[in-house]
Amino acid sequence: MFGATVSMHREAATCARIDERASIKSVPWIFTCAGTRRFLSGTPAVGIHMTAIKEMYARWAAGDMGEVDQWGDVTAEPRGVDYVEVSAGGVPAMWLIPHAVGPDQVIVALHGGGFVSGSLYSHRKMYGHLAKAAGVRVLLATYRLAPEFRFPAQIEDAVTAYRWAAARTQTVALAGDSSGGGLAVQVALREPGAAALLLLSPWIDMDPAQAATSYEENEATDLFFTRPMVQGLIAQYLPEGESGLAPEVNAFHADLSALPPVYVQCGGEESGRGDSERLAKLTGARLDVFDGQLHTFQMAAGRAPVADEAIGRLAAWVRPKLGL
């Protein structure tokens, strides 16, 4: 089907899948944003990744939710990676296992989706490419989604999955994209001992003001992730009365001095670039800004050379952090 051999397994103790189709019901409100309508109607797509994403959002806006894994169709199937669904302490998760790897190193990955969407199935291929490039098993974990479940449910699930993995291996790194990147930082703040943090266009700032100047700087190129849309996602994620400035919600207001080594990637033309730049400045992280790219462009792995280059950089950086 994908021009590659895909092995899918499910352990006997696996937990029930989160209903991804139900979670997508949280998404259509996004299409009321003026910037989103402009994105769908007139924005030139930048590269293969945004072309595919734009087509997908257009289908969603028209009420065609399609298959639950259509987001993942942006990514090519990595060859030589097996997938095993597991219950990570009660949290739905999936092992992404490249052929011929040992059991002593693991990357725990948390998918993006603005806290309202995304799943194991939307992101397994992108993180499968990372697993293969690094030669390391990846445990991809999902979490309860907003608005049905609000903060702190997502962080609780992420911490549970991390602890489950850490109890079964010697060395663990954390990875995450977009909202999953923010969750990865929150896990590292709560669970000292991670070897490294790999962050792809991380969304860190939960301040409803969303004051980053990158919104204005990139308004001509990133019309989907507008300030009003991100503010709407925050409203879906946080319970009424919860401050977006609290350190347990917003890592920019936490003590970041104890974080492990951090590597951040972002697109030069994404509105969320400000979060990546701010985090790198606060932590001394390595920051790679990819000119001409938008949010989580790494989802085009296997189809776009720039995405493959980014995955390769992540893998080369994290291997020595894991003792490889």
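What follows draws every value from the coordinates through simple rules; no lab data is involved. Everything quoted here is computed from the prediction, not taken from an experiment. When we count neighbours, we look across all protein chains shown, and the Cβ atoms used for this are built from the backbone with ideal geometry, even at glycine.
The GluC sites (Glu not before Pro) found in region 227-262 that occupy coil by DSSP, while having at most 12 further C-beta atoms within 10 Å, are GLU240. Going from the fewest other Cβ atoms within 10 Å to the most, the residues TRP71, TRP95 appear in the order TRP95, TRP71.
Measuring spread by the Cα atoms of region 191-324 yields a radius of gyration and Dmax of 15.5, 46 Å. By the compact-protein rule of thumb, 2.2 N^0.38 Å, the alpha-carbon radius of gyration of region 81-217 corresponds to a ratio of 1.02. Taking the fewest neighbouring Cβ atoms within 10 Å as the starting point, the ordered list for HIS253, HIS123, HIS99 is HIS99, HIS253, HIS123.
Between amide H atoms placed 1.01 Å from N, distances below 5 Å from GLU77 occur with no residue 5 or more places distant or on a separate chain.
If R₀ is 41 angstrom, what is the calculated FRET efficiency for the pair LEU245 and SER87, using the beta carbon separation as r and rounding to 0.05? Can you show the working numbers first?
Working: r = 35 Å, r/R0 = 0.84.
With a Förster radius of 41 Å, E is 0.75.
Taking Rh as the Kirkwood radius computed over C-alpha pairs, what is the Stokes-Einstein D of region 75-116 at 20 °C in a medium of viscosity 1.002 mPa s, expressed in µm² per second? Walk me through the numbers on the way to the answer.
Values: Rh = 12.4 Å.
The Stokes-Einstein estimate is 173 µm²/s.
If you average the C-alpha positions of region 252-292 and of region 104-177 separately, how far apart do those two centres end up, in angstrom? Cα centroid to Cα centroid, the span is 19 Å. The slack in the chain from THR213 to ALA235, taken as 0.36 nm per residue of separation less the alpha-carbon distance, amounts to 5.8 nm.
Taking other Cβ atoms within 10 Å as a rough exposure proxy, TYR263, TYR162 sort from fewest to most as TYR263, TYR162.
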